[in-house]
Amino acid sequence: MESEGLNQERAALPSHRIVVAGIGPGNPHYMVPAARAAIEEARVLVGGRRALAQFARPAGSGQETMAVTRDIAGVMAFIKSRLVTSDVVVMVSGDPGYYSLLDALRRCFPPACLEVIPGISAMQLAFARLALPWHEATLLSFHGRRPQDAQLAYRPGRILGLLTDAHYTSHTIPAILLAAGWPADTGLYICARLSYEDEAVTATTLGEAASLPEVASSVLVVVAPEPQESTSPEA
């Protein structure tokens, strides 16, 4: 019975693969070679309009393209129809494993038919720009969502990496953290347009952020002061 179920599962797999290629933070220099090769060789290429304009082959080259829109069901139906005859390459910004279309693909297709090529995320690049290790950082997203209050709780020495959007910005997020008890002198790094020629990394504090120009759709790195060592009075 177990063998029969396994055979049925294999029979249900598409005959072709979906290659999910992370294209990095934006600048082509930050795309890994494996992703670039998959995109250049793709017969069917799916991605955001900006990514298609940047990386798709010219019209008439034999590469079919599909732009990702809010109609995710329509995008999934397109991919399914093309898998009958060809592999499909899906471009996602940053790294596929970090807030990307990979979640939707896993809901619609067996993981066994997915090949994922990692990419450099804007979050990774932000920490790299600061020469700051991120293995102990808490990574959260304000992009189209708001983390739970418990996830934003203050603790001395805590480091946050935050994705932002047009609503949750370099003004609104510091206000949220200050209201949650973070000290005003907490370090804040506003990392905007990472990898592009006009990239800007601004060092400030949570308390001073409101006095600076508002920045949206960026990465914020928040570094709480380390706890001060208590000194014992001399005997």
Counting only DSSP beta bridges with both residues in the range 123-223, tell me the antiparallel percent, nearest 5. 80
Mean Cβ neighbour count within 10 Å, used as a protection proxy, ranking 129-140, 40-51 highest first: 40-51, 129-140
For the range 2-120, what relative contact order do you get, as a whole percent, if you take Cα pairs closer than 8 Å and at least 6 residues apart? 43
Out of all DSSP beta bridges in the range 2-120, what portion is antiparallel? Express it as a percent rounded to 5. 5
Work from the charge dipole of the chain (Cβ charges, +1 for Lys and Arg, -1 for Asp and Glu, about the Cα centre) and give the residue of GLY26, VAL88, GLY157 farthest towards its positive end. VAL88
Quickly estimate the mean residue ellipticity at 222 nm for the chain, helices only: each DSSP H run with n ≥ 4 gives -39500 (n - 2.57), and the total goes over all residues, rounded to 500. -7000 deg cm²/dmol
Give me a comma-separated list of calculated 3J(HN,Hα) values for the range 180-193, in order, Karplus coefficients 6.51, -1.76, 1.60 applied at θ = phi - 60°, integers in Hz, x for any Gly or Pro. 7, x, 6, x, 5, 8, 4, x, 9, 10, 9, 10, 10, 6
List the residues whose amide H sits under 5 Å from the amide H of ILE117, counting only those 5 or more places along or on another chain, with H placed 1.01 Å from N in the peptide plane. VAL20, ALA21, GLY22
If you restrict to DSSP beta bridges whose two residues both lie in the chain, what percentage is antiparallel, to the nearest 5? 45
Taking the inverse of the average 1/r across all pairs of different Cα atoms in the range 87-235, what Kirkwood radius in Å do you get? 17.0
Using the Cα centre as the reference, give the magnitude of the dipole from point charges on the C-beta atoms of the range 2-120 (Lys, Arg: +1; Asp, Glu: -1; all else neutral), rounded to the nearest 20 debye. 400
Got the relative contact order for the chain handy, in percent, Cα pairs under 8 Å and 6 or more residues apart? 20
HIS171's amide H: which non-local residues (gap 5+, or another chain) put their own amide H closer than 5 Å, with H modeled 1.01 Å from N in plane and none for Pro or chain starts? VAL215
Applying a 10 Å radius around every beta-carbon, put 194-200, 162-168 in order of their mean neighbour count, most first. 162-168, 194-200
So what's the Cα pair-distance distribution over the range 15-155, bin width 10 Å, in %? 11, 39, 31, 15, 4, 0
Under the rule a/c < 1.5 gives rounded, and otherwise a/b versus b/c splits prolate from oblate, where does the range 155-235 land using the Cα gyration tensor? prolate
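Where a number appears in this text, it was derived from the coordinates with a stated rule and is not lab data. None of these values were measured; they are calculated from a predicted model. All Cβ positions, glycine included, derive from the backbone under ideal geometry; neighbour counts span all protein chains shown.
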